[in-house]
Amino acid sequence: RNQLARHLAAHTPGFTGADISNVCNEAALIAARYNEDSVAKKHFSQAIERVIGGLEKKSQVLSPEEKKTVAYHEAGHAIVGWYMQFCDPLLKVSIVPRGKALGYVMKLPKDNYLITKDQIFHNMCHAMGGRAAEDIFFDGVITSGAADDLKQITRYAYGQILVYGMDEKVGQLSFDLPEQGDLSTRTYSEATAELADSQARKLSDSSYAMAKKVINEHKDKAIKVAEHLLQHEVLTREDMTDLVGPRPYKDKSTYEEFVEGTGAEEEENKSLDDFKKEMA
């Protein structure tokens, strides 16, 4: 039971109590649909995907060409995240259409309260991995599948430049970013806006170049990941390790440590009754 609880905790980063309750209810419904006598780990895994990505769209059948594009796109994200030090550890990759997404990468975010320029840049590179993979494996033919990735990259870039004061040219200044489509709330000059646009493009171009460099260096491994996704539609962290080898960087709180109990060897697993006895 404790092992299952730790496994589920590792696969539900950032979930609220209500989210976890939804996962448990959904897992019970999935088990009931298959006339199972009990709820197993596989039912919880399916429930987590349901809560994160939305309903599986079984009616949304991709053409073989589109499915191949999605597989290589997600493989690009996976490879860049695996080989760049400050990217969050990978948990799962899927090319099963859910909600509005044709595929997704689930990661285990670290509990960081501060973020550095390198961390921002590596996250931008990870987001660029899908577009970079399309460019590399389909002879420069790119698709609209990176739209959400590019929005994320744009937020990272302008946050670094205008909010965190991490750009040498804009300087040690912090501004509130305007609401989308509402420039009337902008608190900086037109000259600063033009400079920020220029610096954001440089960051975007640099992250794209780095993502392509990482994928080209591990091109054969990216192909293995994509072909696994085409065959199985889902890739776990364990699958990734089997295909490309262990991740070359050890995180302060690794996935393995999290599953084993957040790395604390002396952790005590007390039941509710134990705590009631202590409080009595």
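The values are calculated or read from the model by the stated rules, or taken from the named source; none is laboratory data. Model, not experiment: these values are computed from the prediction. Here the Cβ positions follow ideal geometry from the backbone for every residue, glycine too, while neighbour counts run over all protein chains shown. The accessibility values were calculated without ligands, DNA or RNA, using every heavy atom of the protein model including side chains. Shrake-Rupley method; radii C 1.70, N 1.55, O 1.52, S 1.80 Å.
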State which residue pairs qualify: first residue closer than 18 Å to Asp242 by Cβ and inside region 70-88, second residue among the aromatic types (Phe, Trp, Tyr) and open to solvent by 10 Å² or more (accessible area, probe 1.4 Å) in any location, beta carbons under 8 Å apart, and separation of 6 or more residues or different chains.
-> Glu74/Tyr104
Residues of region 104-156 that turn out to be over 26 Å from Asp197 (Cα atoms) and touching a residue at least 40 places away in the same chain (Cβ under 8 Å), as a count = 10
Looking at region 229-238, is at least one residue under 29 Å from Thr154 (Cβ atoms), open to solvent by 30 Å² or more (accessible area, probe 1.4 Å), free of Cβ contacts under 8 Å to residues at least 60 places away in the same chain and not β-branched (Val, Ile, Thr)?
-> no
Enumeration of residues in region 39-72 that are farther than 30 Å from Ala5 by Cβ and assigned to a helix (DSSP H, G or I) = Pro64, Glu65, Glu66, Lys67, Lys68, Thr69, Val70, Ala71, Tyr72
Checklist (1) within 14 Å of the chain's Cα centre (by Cα); (2) modelled with pLDDT of 95 or more; (3) within 20 Å of Pro64 (Cα to Cα) applied to Phe138, failing item | (1)
Restricting attention to region 13-38, the residues that are open to solvent by 60 Å² or more (accessible area, probe 1.4 Å), of a type in the set (Val, Ile, Thr) and part of a helix (DSSP H, G or I) number exactly 1
Residue identified as more than 14 Å from the chain's Cα centre (by Cα), modelled with pLDDT of 95 or more, of a type in the set (Gly, Ala, Ser) and more than 19 Å from Ala10 (Cβ to Cβ) among Ala71, Ala75 = Ala71
Report the residue count in region 89-120 for those that are open to solvent by 40 Å² or more (accessible area, probe 1.4 Å), more than 15 Å from the chain's Cα centre (by Cα) and not aliphatic (A, V, I, L, M).
-> 6
Go through the residues of region 80-87 one by one and say whether even a single one is buried (at least 19 other Cβ atoms within 10 Å of the Cβ), modelled with pLDDT under 90 and either basic (Lys, Arg) or under 24 Å from Gly14 (Cα atoms) (or both).
-> no
Within the bounds of region 39-54, is there any residue that is more than 22 Å from the chain's Cα centre (by Cα), open to solvent by less than 80 Å² (accessible area, probe 1.4 Å) and more than 23 Å from Arg131 (Cα to Cα)?
-> yes
Residues located in region 121-142, provided they are surrounded by 15 or more Cβ atoms within 10 Å (Cβ to Cβ) and assigned to a loop (DSSP other than H, G, I, E, B) = Phe138, Ile142
Only residues that are of a type in the set (S, T, N, Q) and touching a Ser or Thr at 6+ places or on another chain (Cβ under 9 Å): list them for region 51-80, please.
-> Thr69
Tyr34 fails exactly one of the following numbered conditions: (1) within 30 Å of Glu134 (Cβ to Cβ); (2) free of Cβ contacts under 8 Å to residues at least 12 places away in the same chain; (3) not charged (D, E, K, R). What is the number of that condition?
-> (1)
Could you please find all residues in region 143-182 being among the small types (Gly, Ala, Ser), open to solvent by 30 Å² or more (accessible area, probe 1.4 Å) and farther than 24 Å from Tyr113 by Cβ?
-> Ser144, Gly145, Ala147, Gly181
